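A.B. asks: Structure in structure tokens, see below.
The values are calculated or read from the model by the stated rules, or taken from the named source; none is laboratory data. Note that the coordinates shown come from a computational prediction; the quantities given were computed from them, not determined experimentally. A quick note on method: Cβ atoms are made from the backbone with ideal geometry, for glycine too, and the neighbour counts reach across all protein chains shown. Ligands, DNA and RNA are stripped out before the accessible areas are found, and what is left, the full protein with its side chains, is counted by its heavy atoms. Shrake-Rupley method; radii C 1.70, N 1.55, O 1.52, S 1.80 Å.
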Number of protein chains: 2
Amino acid sequence: MTSRSTSGSISGSVLDAERYIIRSGLAVVINNSEFDGRLRLPDRPGSLENEAEPLAERFNGIGFKTILLTDVTKENMENKFSEIKSNLARKIEQIDCLIIIMLTHGNADSVYAQDQAVQVDSIMSCFSAENCAELILKPKIFIFQASRQLSPNSGAGIGYEKVEQEEVRVSEGVEVVRIPNEADFLAVYSTALGEKSFNQTERASPFLKHLIDELKNMGVDDDFYSVLTRVNCQVMQFEPSHDATKDIRQMSCFVSHLTKDLYLNMTHD
Amino acid sequence: MTSRSTSGSISGSVLDAERYIIRSGLAVVINNSEFDGRLRLPDRPGSLENEAEPLAERFNGIGFKTILLTDVTKENMENKFSEIKSNLARKIEQIDCLIIIMLTHGNADSVYAQDQAVQVDSIMSCFSAENCAELILKPKIFIFQASRQLSPNSGAGIGYEKVEQEEVRVSEGVEVVRIPNEADFLAVYSTALGEKSFNQTERASPFLKHLIDELKNMGVDDDFYSVLTRVNCQVMQFEPSHDATKDIRQMSCFVSHLTKDLYLNMTHD
């Protein structure tokens with residue numbers, strides 16, 4: 001748990017604004033393509049060139065600072081997140097929107113770092129209201145390209161790592177507003193819960209292909225929900241080329257705890 | 001499994017349309033307030049007058065046909081769903097959008113019928129592409145006012161009831177489009193996964209109060225994501241009046257597998 005600058009006052013107008021004000025943003029793209037041998041996971045060749053790099057470039061194109069990381073261990077990832085939070089807390093960096101994108105293997109509740117599976121919830125909770133006060137009331141977007149099938153060893157044994165909800169306060173003159181930990185999170189998944197995600201790294205998986213395309217077509221007035229809905233529509237219609245998978249369909253989706261309308265395109269004429 | 005009229009042709013323009021065309025809709029409000037004694041669940045007095053009735057009235061106000069059911073058993077519910085599907089298949093009824101709202105108790109993966117817990121997934125899959133061909137490419141919205149805390153007896157034992165994905169085809173001239181089962185579903189939850197949901201039936205729970213208010217304020221040009229985002233913003237700021245729960249916060253959320261923009265308000269001047 002890092003520093004808390006909950007004493008920084010946030011004006012009531014921010015709380016009640018109709019849309020997030022995004023003047024600066026950070027997008028972290030994590031591409032894992034070679035894994036610790038003990039995990040017995042297949043490589044994901046081509047993912048860096050065909051998916052991670054074009055994606056980072058796209059976020060850069062709409063005005064986000066981008067960081068691209070490859071084959072990161074759980075510890076590498078946690079260190080990077082700590083560094084980001086520390087830069088925010090020490091005012092070295094100021095961001096209005098954080099986007100974390102992970103291209104890797106996964107199962108129902110976890111995604112794979114280079115060396116081990118990490119719970120999706122624990123990744124997101126790094127930036128929750130109580131763990132990262134600097135991002136309170138700001139959108140935190142997580143995008144996962146990974147399968148979400150139930151593995152035999154996921155489930156009851158691991159369980160749900162419930163962080164006790166502490167008081168997180170945003171001072172606002174005399175009035176104190178407490179913010180739920182889940183507020184302002186958006187999670188975007190390449191596939192529905194319990195399903196496989198197509199991995200076509202030789203020319204980008206359908207979800208990433210369409211996400212990159214729709215980010216390219218996104219105008220300044222396009223809200224991000226509409227962009228994601230168009231991605232859903234494209235992914236739904238994707239037909240795999242292998243006969244063995246011809247009758248399998250993929251459906252991307254998103255889970256929104258956002259509290260304001262979200263427009264990501266910072267580019268202006 | 002009911003009849004399949006997948007032979008009915010759907011034009012390509014419907015598949016690629018930017019928004020769902022909604023000229024008629026059905027909203028089913030299920031309010032469970034007294035439960036089978038063996039379940040040892042508290043009553044939910046006041047919910048009918050303060051929540052279910054105003055909600056049904058609101059959906060009626062924006063042009064939906066509404067059905068209000070109280071204290072339904074699992075069997076009652078399944079029979080009602082079969083009747084709806086049968087009416088659709090026999091062309092007795094034609095609807096462009098189905099909304100099912102459940103006001104009840106719940107836990108992480110289930111909600112309570114009058115007599116037993118029912119998996120949320122199994123409720124939704126009643127209207128999946130393979131189980132209800134008449135609603136393919138049409139939005140299916142599920143709204144749950146219920147807690148989503150992990151109960152000790154939910155989890156591994158119950159597991160995930162995975163229905164094998166069958167071929168669902170929409171004929172479209174010569175071209176055949178297969179639709180994933182999850183497509184065009186929107187699930188709206190009063191609280192985040194793993195969390196309690198405030199139940200203030202003496203004057204409507206915060207989630208339902210704000211949902212009813214925002215449906216009242218919803219204009220013809222307001223897309224439904226924006227409406228739900230405004231509800232999230234209001235629920236986030238709700239402060240419970242009991243001292244014991246003063247530091248607990250609730251965060252509503254929604255899970256979208258929609259493939260087009262959604263505008264629910266059918267009222268026109």
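A.B. asks: What are the residues in the range B:101-116 that are more than 14 Å from chain A (Cβ to nearest Cβ), within 16 Å of the chain's Cα centre (by Cα) and touching a residue at least 40 places away in the same chain (Cβ under 8 Å), if any?
C.D. replies: Once the filter is applied, which keeps residues that are more than 14 Å from chain A (Cβ to nearest Cβ), within 16 Å of the chain's Cα centre (by Cα) and touching a residue at least 40 places away in the same chain (Cβ under 8 Å), the range B:101-116 yields B:I101, B:M102, B:L103, B:T104, B:H105, B:G106, B:S110, B:Y112, B:A113.
A.B. asks: For A:Q145, are the conditions met, namely being under 19 Å from A:L211 (Cβ atoms) and either surrounded by fewer than 21 Cβ atoms within 10 Å (Cβ to Cβ) or not basic (K, R) (or both)?
C.D. replies: Considered against the rule, which asks whether it is under 19 Å from A:L211 (Cβ atoms) and either surrounded by fewer than 21 Cβ atoms within 10 Å (Cβ to Cβ) or not basic (K, R) (or both), A:Q145 comes out as yes.
A.B. asks: Could you list all residues from the range A:31-46 that are open to solvent by 40 Å² or more (accessible area, probe 1.4 Å) and on the phi < 0 side of the Ramachandran plot?
C.D. replies: A:E34, A:G37, A:R38, A:L39, A:L41, A:P42, A:D43, A:P45 - these are the residues of the range A:31-46 that are open to solvent by 40 Å² or more (accessible area, probe 1.4 Å) and on the phi < 0 side of the Ramachandran plot.
Yes or no, residue by residue, for (1) modelled with pLDDT of 95 or more; (2) surrounded by fewer than 19 Cβ atoms within 10 Å (Cβ to Cβ); (3) in a helix (DSSP H, G or I):
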| site | (1), (2), (3) |
| --- | --- |
| B:S5 | no, yes, no |
| B:S13 | no, yes, yes |
| B:V29 | yes, no, no |
| B:N60 | yes, yes, yes |
| B:L68 | yes, yes, no |
| B:L98 | yes, no, no |
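A.B. asks: Answer yes or no: is there a residue in the range A:223-235 that is more than 30 Å from B:E195 (Cα to Cα) and either more than 9 Å from every other protein chain (Cβ to nearest Cβ) or open to solvent by 30 Å² or more (accessible area, probe 1.4 Å) (or both).
C.D. replies: yes
A.B. asks: Still on this structure: Going by the structure shown, is A:F198 within 17 Å of the chain's Cα centre (by Cα) and of a type outside the set (G, A, S)?
C.D. replies: Against the criterion (within 17 Å of the chain's Cα centre (by Cα) and of a type outside the set (G, A, S)), A:F198 does not qualify.
A.B. asks: Scan (1) part of a loop (DSSP other than H, G, I, E, B); (2) within 14 Å of chain A (Cβ to nearest Cβ); (3) not charged (D, E, K, R) for the single condition B:M124 breaks and write down its number.
C.D. replies: (1)
A.B. asks: Quick check on A:K74: is it open to solvent by 50 Å² or more (accessible area, probe 1.4 Å), touching a Ser or Thr at 6+ places or on another chain (Cβ under 9 Å) and without any contact (Cβ under 8 Å) to a residue 60 or more places away in the chain?
C.D. replies: no
A.B. asks: What is the one condition in (1) away from every other protein chain (no Cβ under 13 Å); (2) modelled with pLDDT of 85 or more; (3) closer than 18 Å to A:L98 by Cα; (4) not in a helix (DSSP H, G or I) that A:F254 does not satisfy?
C.D. replies: Here A:F254 meets the rest and fails (1).
A.B. asks: Residues being crowded, with 21+ Cβ neighbours inside 10 Å and not small (G, A, S): count how many of those fall in the range B:113-125.
C.D. replies: Result for the range B:113-125: 3.
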